[in-house]
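The values are calculated or read from the model by the stated rules, or taken from the named source; none is laboratory data. Predicted model only: the values in this text are computed from it and were never measured. Because the Cβ atoms are built from the backbone with ideal geometry, glycine has one as well, and the counts that use them run over all protein chains shown. Quick note on the areas: whole protein, heavy atoms, side chains included, nothing else; ligands and nucleic acids left out. Shrake-Rupley method; radii C 1.70, N 1.55, O 1.52, S 1.80 Å.
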Amino acid sequence: MAKAIPSRSENYSEWYNELIKKADLAENSAVRGCMVIKPYGYSIWEKMQRALDDMFKETGHSNAYFPLFIPKSYLSKEASHVEGFAKECAVVTHYRLKNAEDGSGVIVDPEAKLEEELIVRPTSETVIWSTYKNWIQSYRDLPLLINQWANVVRWEMRTRIFLRTAEFLWQEGHTAHATKAEAEAETRQMLDVYARFAEEWMGVPVVRGSKTPNERFAGAEDTMCIEAMMQDGKALQAGTSHFLGQNFAKAFDVQFLNKANQQEYVWGTSWGVSTRLMGALIMAHSDDDGLVLPPKLAPIQVVIVPIYRNEEQLAQLSERILPLVKDLRKAGVSVKFDDSDTNKPGWKFAEYELRGVPVRLAMGMRDFENGTVEIARRDLKTKETVPFDGILERIQALLDDIQQSIYQKALAFRQANTFKVDTWDEFKDQIEKGGFIMAHWDGTSETEEAIKEETKATIRCIPFDAEDEAGTCVFSGQPSARRVVFARAY
RNA sequence: CGGGGUGUAGCGCAGUCCGGUUAGCGUACCUGGUUUGGGACCAGGUGGUCGUAGGUUCGAAUCCUACCACCCCGACCA
């Protein structure tokens, strides 16, 4: 058991960290808070990118690229925006190094100070809206529907691999519209895209809703989000979509001439998901034996392990297996035939389980003679011996089944850990046990902050699907019309 | 950024308190042989700026100072 990882119940965060290292997803770098995403982890991210990018294109968006550096002055143009980000910005002040005169190494050349400092983007609203000003003159230029795949930097005090890193990868959509209604519809449309991606691709059920004013994006009029529950009962914000109103249009003077020949400010949205989704994927499904990946995002969907004593046996097995490999690839299934003789079958079984490969086939001489093959599924750790004939169809059906099954399991977990709570004592008691708490809230920031202060729980969102239900605030006793989701969050 | 902990071979660790042969163990890796249906076995080997930089000392992994990174708790955080 050379590569065993700690159990979830023993130490959840150590389990998370070790799993990421052992499954070869990523590692910490020499730079504080920054990570190296390793090939196996990056290929999962690439699959996420591909699926999301397709969905963005289907909804009419185009990709573009804006600069990494933002002039300092841009950041101050939208008041609440700068307030939200100022404390965590990396700043470029010089553009040249030189050798120290005492030979001690390289130093920043004091003569190469920048006239105006550059901010490494924490998000790109400012640089993009300053560009949109030049691109938009008429209602005919709208809507402007743009996405960019990029890295951003936020100088976080406390980092956690994938969940909160100083530099992370993401996509950020930035759109401009002629009307408020259109921008609002876009905000909701992209949130729904994220929810569909989380549920159908990642197998992670999410709650859709709006943030409270306290938790809103700096510069937005409404922030919608999807919230997922991790296996320790904590919430993870998995994606956000912001209705920006005319805030950035006004800050960067982006106006257009409407059909009636009148100048109007445009309406904006922005929306993003990041490599944090990798953290969500890991924490939602994986177990004490390692990663559990949904087939739609698994870099290797099927691994085939031959069990042989000598070259002749391997040749025989290969002759039967290789056509299957070819057929699987033709059917769009990513498959690895691991005929390496560097490790024994037992080692390979454990290794591919650690890496979360959804389906494993094993074939030895016993199967070869019986015309059978052993098929195992990662999520349930079950295996059975089945006829080799028809295995292709069986694999495809099993991949579909696993995709559904891990979603259903995560959904059942969330349902079992979501509680309606009506008294403050009950609230304090339940929050210690974890999970989502559905409770009434009086709608004030004061109450929200007081609850956070006392319990570390935040309002994750005001869910769209909450039913109207008259009640009283769990903290203040004031009247409330519907329940909101409280939880401790990452 | 405050409190606590850690940093020694690719990985996991001992040694540090109380300075003193050539810095050790497990695993991985290499070679040969035997093995192969759940992380094989035997034998022989390779691999170390002891986190970095200074200092104390005849002598530093060990003592002192500063810095860097990681982990846990807090503050901060869309």
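Some observations on this one:
- Check on residue A:7, within 16 Å of RNA strand B (Cβ to nearest atom), outside the structural domain of residue A:221 (by TED's automatic domain parsing) and not in a helix (DSSP H, G or I): yes
- Complete set of residues in the stretch A:166-196 that are open to solvent by 10 Å² or more (accessible area, probe 1.4 Å) and within 16 Å of RNA strand B (Cβ to nearest atom): A:167, A:168, A:169, A:170
- When residue A:87 is tested against (1) within 13 Å of RNA strand B (Cβ to nearest atom); (2) not in a helix (DSSP H, G or I), only condition (2) is not met.
- Among residues of the stretch A:432-480 being free of Cβ contacts under 8 Å to residues at least 40 places away in the same chain and within 24 Å of the chain's Cα centre (by Cα), the one that is surrounded by the most Cβ atoms within 10 Å (Cβ to Cβ) is A:457.
- Considering only residues in the stretch A:287-308 that are open to solvent by less than 10 Å² (accessible area, probe 1.4 Å) and within 15 Å of RNA strand B (Cβ to nearest atom), the one that is farthest from the chain's Cα centre (by Cα) turns out to be A:306.
- Every condition in (1) acidic (Asp, Glu); (2) over 30 Å from residue A:131 (Cα atoms); (3) open to solvent by 60 Å² or more (accessible area, probe 1.4 Å); (4) at pLDDT 90 or above holds for residue A:102 except the one numbered (4).
- Screening A:461, A:473 for residues that are within 26 Å of residue A:192 (Cβ to Cβ), at pLDDT 95 or above and touching a helix residue (DSSP H, G or I) at 6+ places or on another chain (Cβ under 9 Å) leaves exactly one candidate, A:461.
- In the stretch A:412-431, residue farthest from residue A:306 (Cα to Cα) [restricted to those that are surrounded by fewer than 16 Cβ atoms within 10 Å (Cβ to Cβ) and among the aliphatic types (A, V, I, L, M)]: A:416
- Residues that are of a type outside the set (A, V, I, L, M) and open to solvent by less than 50 Å² (accessible area, probe 1.4 Å) within the stretch A:39-72 comprise A:40, A:41, A:43, A:45, A:49, A:53, A:56, A:59, A:60, A:61, A:66, A:71, listed in sequence order.
- Some residue of the stretch A:55-72 being modelled with pLDDT of 90 or more and within 18 Å of the chain's Cα centre (by Cα): yes
- Given (1) open to solvent by less than 80 Å² (accessible area, probe 1.4 Å); (2) part of a strand (DSSP E or B); (3) not polar (S, T, N, Q), number of the condition residue A:115 does not satisfy: (1)
- Test set (1) of a type in the set (Gly, Ala, Ser); (2) closer than 16 Å to residue A:313 by Cα; (3) more than 9 Å from RNA strand B (Cβ to nearest atom) - residue A:362 fails condition number: (3)
- Summed over the stretch A:309-359, the residues that are more than 7 Å from RNA strand B (Cβ to nearest atom), of a type in the set (Gly, Ala, Ser) and part of a helix (DSSP H, G or I) give a count of 2.
- Residue A:161 modelled with pLDDT under 95, under 26 Å from residue A:277 (Cα atoms), outside the structural domain of residue A:253 (by TED's automatic domain parsing) and not charged (D, E, K, R): no
Residue by residue, here is whether (1) part of a loop (DSSP other than H, G, I, E, B); (2) more than 19 Å from the chain's Cα centre (by Cα); (3) away from RNA strand B (no atom under 16 Å from the Cβ) holds:
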| residue | (1), (2), (3) |
| --- | --- |
| A:13 | no, no, no |
| A:17 | no, no, no |
| A:27 | no, no, no |
| A:32 | yes, yes, no |
| A:36 | no, no, no |
| A:42 | no, no, yes |
| A:46 | no, no, yes |
| A:51 | no, no, yes |
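- Residue list for the stretch A:134-154, restricted to those being in contact (Cβ under 8 Å) with a residue 24 or more places away in the chain and over 31 Å from the mean Cα position of the chain (by Cα): A:136, A:137, A:138, A:139, A:141
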